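Please read the structure below before turning to the comments.
The values are calculated or read from the model by the stated rules, or taken from the named source; none is laboratory data. Quantities reported herein were computed from a predicted structural model and do not represent experimental measurements. Heads up, the Cβs are rebuilt from the backbone with ideal geometry, glycines too, and the neighbour counts pull from every protein chain shown. In case anyone asks, the SASA skips ligands and DNA or RNA and just uses the protein heavy atoms, side chains included. Shrake-Rupley method; radii C 1.70, N 1.55, O 1.52, S 1.80 Å.
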Amino acid sequence: MTEPVIRVEGVGFSYSSDVPSPVFALKDINLEIYAGEYLVIVGHNGSGKSTLAKHFNALLSPTQGDIWVTGMNTRDGNNTLAIRSTVGMVFQIPDNQIVATVVEEDVAFGPANLGVSEQELRERVEWALGVVDMLAFRERAPHLLSAGQKQRVAIAGAMAMKPQVLILDESTSMLDPTGREEVLSAMRYLNQEGTTIVAITHFMHEAVEGDRVVVMEEGQIVSAGSPREVFCQVEKLREMHLGVPQVTELAYALHQRDATFPADLLTVEELENEVLRRVSLKGVVA
Ligand SMILES: Nc1ncnc2c1ncn2[C@@H]1O[C@H](COP(=O)(O)OP(=O)(O)O)[C@@H](O)[C@H]1O
Ligand SMILES: [Mg+2]
């Protein structure tokens with residue numbers, strides 16, 4: 001099997017490990033993320049999602065265990081620069097990530113710090129703004145853009161560093177539905193082009209986008225698998241007071257009334273097809 005891009009081995013983390021009985025924000029986390037994957041992490045506020053994400057690009061160093069990024073241990077300070085250019089990060093609030101007064105300068109900021117040549121820099125900025133469909137805004141002032149557009153500029157900035165892995169920590173949560181769809185579509189495109197995506201979200205229908213979903217609770221991974229495997233456990237997720245996608249909720253309710261109705265539907269399209277199939281079986285269609 002190929003080496004994962006990120007390997008988390010027995011990681012525990014405490015923000016105050018020097019006190020007599022430290023509280024652990026992460027407890028014995030084991031996780032492997034493979035090249036080209038689209039991984040989604042869900043969980044309540046305070047369950048440790050951001051703390052884990054910050055370990056992926058060496059913003060935090062584990063109290064226990066190890067994290068390897070393409071074979072580099074994040075504990076070794078000599079690896080930090082290489083790790084940060086391998087794993088890019090986009091945060092929740094776009095305003096906090098904008099550093100320049102012109103869009104293209106903002107996108108150039110990261111790669112310029114990596115020491116990329118002028119010519120290469122121009123190419124990367126153009127490419128990254130193209131990916132997020134913001135080329136037309138290259139000379140604009142970022143603070144005048146909509147939240148969705150700002151977040152796309154922030155993603156372009158992270159992309160211009162050409163990371164193998166892009167982590168988006170609730171990067172759609174401050175956006176309206178249009179902005180959210182814009183960002184999701186950029187993420188989908190990047191993943192199709194080969195970038196490994198790690199998306200943290202509390203929108204369950206966004207989790208359906210992933211190849212794999214990891215559910216966190218109190219610093220631990222409590223469930224992991226394909227979206228269908230994870231969201232099928234409707235009762236377990238309810239016990240944790242976590243929702244499931246609305247479509248799954250509805251399919252599950254119908255399944256309880258009629259056991260022949262599948263409980264594991266994830267998308268509107270699947271539900272629509274199932275309903276139409278039943279309608280045509282009954283010959284109700286005119
Ligand atoms: N900078 C910090 N200092 C101390 N405790 C923190 C800090 N950041 C987060 N925590 C605590 O760590 C736990 C996990 O938080 P976090 O990783 O932010 O969760 P999530 O991203 O899932 O909401 C919470 O109990 C939170 O209060
Ligand atoms: Mg968080």
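Overview of values
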item: Any chance PHE203 is within 16 Å of ligand 1 (Cβ to nearest atom), farther than 26 Å from ASP28 by Cβ and free of Cβ contacts under 8 Å to residues at least 60 places away in the same chain; result: yes
item: Complete set of residues in segment 13-26 that are buried (at least 18 other Cβ atoms within 10 Å of the Cβ), touching a Pro at 6+ places or on another chain (Cβ under 9 Å) and not aliphatic (A, V, I, L, M); result: PHE13, SER14
item: Elements of type helices (runs of 4 or more DSSP H) contained in segment 177-286, each with 3 or more residues being open to solvent by 10 Å² or more (accessible area, probe 1.4 Å) and aliphatic (A, V, I, L, M); result: 246-257, 268-281
item: Any chance VAL102 is more than 16 Å from ligand 1 (Cβ to nearest atom), loosely packed, with under 15 Cβ neighbours inside 10 Å and among the β-branched types (Val, Ile, Thr); result: yes
item: First in segment 102-122 and more than 18 Å from VAL153 (Cα to Cα), second anywhere and among the hydroxyl-bearing types (Ser, Thr, Tyr), Cβ under 8 Å, 6 or more apart; result: LEU114/SER85
item: Of all residues in segment 159-174 being open to solvent by 10 Å² or more (accessible area, probe 1.4 Å) and of a type in the set (A, V, I, L, M), the one that is nearest to ligand 2 (Cβ to nearest atom); result: MET174
item: Pairs, first farther than 22 Å from HIS205 by Cβ in segment 270-281, second outside any helix (DSSP H, G or I), C-beta under 9 Å, six or more apart; result: ARG278/THR260; ARG278/PHE261; ARG278/VAL284; VAL279/VAL285
item: Boolean, ILE33 is more than 16 Å from ligand 1 (Cβ to nearest atom) and open to solvent by less than 10 Å² (accessible area, probe 1.4 Å); result: yes
item: Residues being more than 21 Å from ASP18 (Cβ to Cβ), within 16 Å of ligand 2 (Cβ to nearest atom) and out of contact with any helix residue (DSSP H, G or I) (no Cβ under 6 Å at 6 or more places or on another chain) - total across segment 53-76; result: 2
item: Odd one out for ASN96, checked against (1) within 16 Å of ligand 2 (Cβ to nearest atom); (2) at pLDDT 90 or above; (3) open to solvent by 70 Å² or more (accessible area, probe 1.4 Å); result: (2)
item: Residue that is farthest from VAL8 (Cα to Cα) [pool: residues in segment 40-68 that are small (Gly, Ala, Ser) and open to solvent by 40 Å² or more (accessible area, probe 1.4 Å)]; result: GLY46
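Quick grid of which residues meet (1) on the phi > 0 side of the Ramachandran plot; (2) of a type in the set (S, T, N, Q); (3) more than 16 Å from ligand 1 (Cβ to nearest atom):
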{"position": "PRO20", "(1), (2), (3)": "no, no, yes"}
{"position": "VAL23", "(1), (2), (3)": "no, no, no"}
{"position": "GLY48", "(1), (2), (3)": "yes, no, no"}
{"position": "LYS54", "(1), (2), (3)": "no, no, no"}
{"position": "LEU60", "(1), (2), (3)": "no, no, no"}
{"position": "THR74", "(1), (2), (3)": "no, yes, yes"}
